[in-house]
Each structure stands twice: as structure tokens, then as C-alpha cells.
């Protein structure tokens, strides 16, 4: 598929439906096909792609992406205006104002509201970017948000930006991104400007609701997408789900059965298509892989 960049992002709308399992297998299959792939893990709150692919860290880089308020005690008169104006309730007024750090969003309202110039914003490390190489030899970019910190959307952006830099350096064919779960800011940051979204779901009402919300996002940003139904044989909700996707015009790329081989493969830190290539799940993933290649015109 000749273009400046080809990026496939795997998302779910709901955590725990098998997104990273699918991502790791697709990376293995594209790499085995001879394509120069770059892996990116945009699930910066709880990254796990590197656990399945194994990762030798080449570079670890702290990222300063957030700000917080700090009281200048020598200038503070304890007037309480900052506590009144803070939209997040992050300043508690006792004898003197106290910034509750985990609630502070760094919005600077208090800094601007203080008549005595007694508040300043300071920047701090909100996470770490890690660049490495998998056991298969292809590069991987991941990140870890510091405990209790926010701005994961910005951290996702840094992961994808670095992955694209590496993609250009190595003359890559494909960036495959394990997107953030759910539907919040990190997911939008995972999807922006991607070329194709694979939406992983499972036959439950909650997972369908999450998939529908992701579909709304992809349609809004005009991102082509396809559905993968994981653990399709786990409940009797499948027929209703298939009918729903048919009526909404959503393409189903494939259906993966509930298979203990997947659990065994994850426990052995291997993609199921490598560890148990003849298992029902692996065969279904390879069929879905063929369908995805056809959709993207990858030969």
C-alpha cells in the first residue's frame, strides 16, 4: 500500500477484551511476512505489549508534560482566593492554602487569580518513554505514566511521534499501535491520523456499547475500521451483535474463539500464533490477518 505512512491502531472501547493479544499476534504475522514493522504501545497507564513480545530497552527518556501549582509561602497572605477559584478543588484552605497535588491539573487559574503573585506553576516528570527491540528484532516504543499522574493523552502522542521517527529511520512498512482501552482522551490520541482502526470486542452488551462508541469516534475522524469479535463462543449474545454490526454497516474482519491456548501463550510470553500455531484461536487470527491484508491491499 504505497503511502508516506501506514499505521494500524488496535482499539477496544472496553478493557479486557483481548486487544493486546490480537496486537501481538498481528505484529508477529506481519513481521513473519517480511514487513518492516514498528510496534507502539499507547496503553500508557498499563502497558503490556512488551511483556508478550519481550523487550530489550535501548533508551529510557523521562517526559516532562505536566504542571502543578506551588504556593510561595513568603508572599502568601492566606486570603483564600486561590481555594475559591480552583475549578478542581485542588487547594484546601486551612491556616494557609495547601495544594492537593494529585488533584491539581496545572490549569493556572489560581496563579492568575492570586492578587499577591504568591503562586507559581512548576513542571515535573509525568512518565517515561522507552524505546527498545523485541525478541523478533523489530523496534518497539512504549511508555509508562507515573503512578497517580494524568495527561496520558500527551504521553500517547509522544509514543506515536517517536514510533513514526523510527519508522522513517528504518524505512518501515507499517506501524502497529496497541491503542489505549476505553473511549477517553488517550484513545482519541491513539486514533488521531491513523490509517486504519481494528476494533476488538466480545459478545457482551458492555463490550458492544464500547465498540459502538469507538465506531462513533472513527466515523467522526473518517478513519476506516473493521471489527474483530474475540471469544465469540463465550455467550449467546453473538447473534445479536452480528445483526447489530450488519445493520450499522460495520465490517467484521474475523471472529476468534475462546481458547485456553491464548492463556497458555500469554503465560509463556509469546503470541498465540507462534506458541500454538495450530490452535483454534491462532487459525482464526491468521484468517482475520488475511482479511485485513485484503482490506488494506497489502500483498
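The protection proxy used here, the mean number of other Cβ atoms lying within 10 Å of each residue, ranks peptides 82-92, 224-234 as follows, highest first: 224-234, 82-92.
Relative to the longest principal axis of the Cα atoms of the chain, helix 238-248 runs at roughly 80 degrees. Name the most mobile residue of 255, 35, 55, meaning the one with the largest mean-square fluctuation, in a Gaussian network model of the chain with Cα contacts below 10 Å. Residue with maximal mean-square fluctuation among 255, 35, 55: 35.
Apply the Kirkwood formula to the stretch 165-284: the hydrodynamic radius equals the inverse of the mean of 1/r over all pairs of different alpha-carbon atoms; give it in Å with one decimal. Present the calculation step by step, with values, prior to reporting the outcome.
Details: mean 1/r = 0.0631 Å⁻¹.
Averaging 1/r across every pair of different Cα atoms and inverting gives 15.8 Å.
At a threshold of 8 angstrom on Cα-Cα distance, excluding pairs fewer than six apart, so keeping six or more, what relative contact order does the stretch 207-299 reach in percent?
Working: 87 pairs, mean separation 22.1, N = 93.
Here the relative contact order equals 24 percent.
With an 8 Å Cα cut-off and a minimum separation of 6 or more residues, compute the relative contact order for the stretch 67-125 in percent. RCO, the stretch 67-125: 49 percent. Highest mean packing comes first when the peptides 72-80, 163-171, 280-288 are listed by Cβ atoms within 10 Å, giving 280-288, 163-171, 72-80.
By count of other Cβ within 10 Å, fewest leading, how are 190, 108 ordered?
Working: 190 27, 108 13.
Neighbour counts put them in this order, fewest first: 108, 190.
Considering Cα pairs under 8 angstrom that are at least six residues apart, work out the relative contact order of the chain and quote it in whole percent.
On the way: 629 pairs, mean separation 77.8, N = 299.
RCO, the chain: 26 percent.
Footprinting exposure proxy ranking of 213, 276, fewest other C-beta atoms within 10 angstrom first, gives 213, 276. Dividing the convex hull volume of the alpha-carbon atoms in the stretch 67-125 by its residue count gives 70 Å³ per residue. For the chain, take the longest principal axis of its alpha carbons; what is the angle in degrees between that and the long axis of helix 205-220, to the nearest 10 within 0 to 90? On a 0 to 90 degree scale, this one is about 80. Between the Cα long axis of helix 280-296 and the first principal axis of the chain there is an angle of about 80°, rounded to the nearest 10.
Each reported figure results from applying straightforward, stated rules to the coordinates on display, with no laboratory input. Values in this document were obtained by computation on a predicted structure and should not be read as measured data. We place every Cβ from the backbone using ideal geometry, glycine too, and count neighbours over all the protein chains shown.
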